[in-house]
1. In this structure, does ALA15 turn out to be at pLDDT 95 or above, small (Gly, Ala, Ser), within 16 Å of the ligand (Cβ to nearest atom) and not in a strand (DSSP E or B)?
2. Identify the single condition in (1) away from the ligand (no atom under 11 Å from the Cβ); (2) modelled with pLDDT of 95 or more that GLU9 does not satisfy, given that it satisfies every other one.
3. With respect to the numbered conditions (1) loosely packed, with under 13 Cβ neighbours inside 10 Å; (2) at pLDDT below 95; (3) not in a loop (DSSP other than H, G, I, E, B), which one is the sole condition not fulfilled by GLU48?
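The values are calculated or read from the model by the stated rules, or taken from the named source; none is laboratory data. Since the structure is predicted, the reported quantities are computational estimates derived from the model, not experimental observations. Note that we place each Cβ from the backbone using ideal geometry, even for glycine, and neighbour counts take in every protein chain shown.
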Amino acid sequence: MPLDKQLLEILVCPADHGPLREEGDRLVCGRCRRRYPVRDGIPVMLIEEAEQPAS
Ligand SMILES: [Zn+2]
């Protein structure tokens with residue numbers, strides 16, 4: 001299920017307010033590279049739930 005584009009535009013990374021982009025069923029921050037899961041079409045914008053970048 002594609003995310004609502006308007007919703008995607010207002011969402012930012014909670015860690016650094018970086019821009020997010022869709023990547024499969026994740027939202028990826030363009031700054032810190034954290035990956036936020038999307039569950040049932042609803043982005044889970046919680047730092048604790050994010051996948052940390054490998055580095
Ligand atoms: Zn970020």
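1. On the way: at pLDDT 95 or above: yes; small (Gly, Ala, Ser): yes; within 16 Å of the ligand (Cβ to nearest atom): yes; not in a strand (DSSP E or B): yes.
In short, yes.
2. GLU9 satisfies all of (1) away from the ligand (no atom under 11 Å from the Cβ); (2) modelled with pLDDT of 95 or more except (2).
3. It fails just one condition, (2).
The rows are residues; the columns are (1) within 15 Å of the ligand (Cβ to nearest atom); (2) within 9 Å of the chain's Cα centre (by Cα).
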{"residue": "LYS5", "(1), (2)": "no, no"}
{"residue": "LEU20", "(1), (2)": "yes, yes"}
{"residue": "VAL28", "(1), (2)": "yes, yes"}
{"residue": "ARG31", "(1), (2)": "yes, no"}
{"residue": "PRO37", "(1), (2)": "yes, yes"}
